[in-house]
1. What's the ranking of 105-113, 45-53 by average number of surrounding C-beta atoms within 10 Å, highest first?
2. Between SER95 and LEU35, what FRET efficiency comes out of the Förster formula 1/(1 + (r/R0)^6) with R0 = 22 Å and r the beta carbon distance, rounded to 0.05?
3. Tabulate in residue order the Karplus-calculated ³J(HN,Hα) for region 104-118, using 6.51 cos²θ - 1.76 cosθ + 1.60 with θ = phi - 60°, rounded to whole Hz; enter x for Gly and Pro.
4. Given a 1.4 angstrom probe, I'd like the percentage of the accessible area of region 86-132 that is carbon and sulfur, rounded to a whole number.
5. Assuming R0 = 30 Å, can you tell me the calculated FRET efficiency for the pair GLU120 and THR45, based on Cβ-Cβ distance, to the nearest 0.05?
6. Please work out how much length the chain gains when fully extended from SER130 to GLN80, using 0.36 nm per residue of separation minus the C-alpha to C-alpha distance, in nm with one decimal.
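The values are calculated or read from the model by the stated rules, or taken from the named source; none is laboratory data. As the structure is a computational prediction, the values presented were derived from the model and not from experiment. We place every Cβ from the backbone using ideal geometry, glycine too, and count neighbours over all the protein chains shown. Note: areas computed on protein heavy atoms with side chains; ligands, DNA, RNA excluded. Shrake-Rupley method; radii C 1.70, N 1.55, O 1.52, S 1.80 Å.
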Amino acid sequence: MEWVRLVLLLAIAALLAGCEYAFSDVATRIRYALLKESALLQLSTKETVTIALHPDHWPDACRKGEGYRLVLSPYMGGKQVASGDIVVTCKGGGSYYTGMGSESIYVALEMTIEKKTEDELRITMRKTQSGTEIVRLE
């Protein structure tokens with residue numbers, strides 16, 4: 001009976017984590033993808049990985065047919081967690097902001113790209129002594 005309770009608790013936790021991703025804003029969905037892929041890269045024998053994203057789904061994303069600007073910034077100080085920032089600004093108005101979520105994911109210099117909402121966003125990361133560096137946006 002105890003194992004049934006444990007399985008139910010794990011199922012509820014997984015469902016809530018999925019809901020947090022599904023109902024989060026576009027910047028947060030990018031952060032989740034970076035965290036996941038960074039962890040996989042650190043466990044692999046690969047030195048680099050390029051991930052492809054379509055961060056344009058409901059509820060909080062830029063409207064279809066409009067573009068957006070993505071800015072990844074290095075840590076500038078003044079936060080509890082020493083991580084960089086992710087800012088998505090929609091062409092039709094509205095913006096979404098979050099931190100990268102980990103001190104081990106970083107950019108050396110600010111990176112910017114403009115995309116259409118329906119276009120694929122590609123982010124290349126490489127394994128370093130300090131963690132995972134984001135090296136290219138395309």
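1. Answer by packing, highest mean first, reads 105-113, 45-53.
2. After rounding to 0.05, the efficiency reads 0.55.
3. 3J(HN,Hα) across region 104-118, in whole Hz: 8, 10, 8, 10, 6, 9, 4, 10, 9, 8, 10, 9, 7, 4, 7.
4. Details: 1090 of 2450 Å².
C and S fraction of accessible area: 44 percent.
5. Working: r = 26 Å, r/R0 = 0.86.
Step by step, r from the Cβ atoms, then E = 0.70.
6. 16.1 nm
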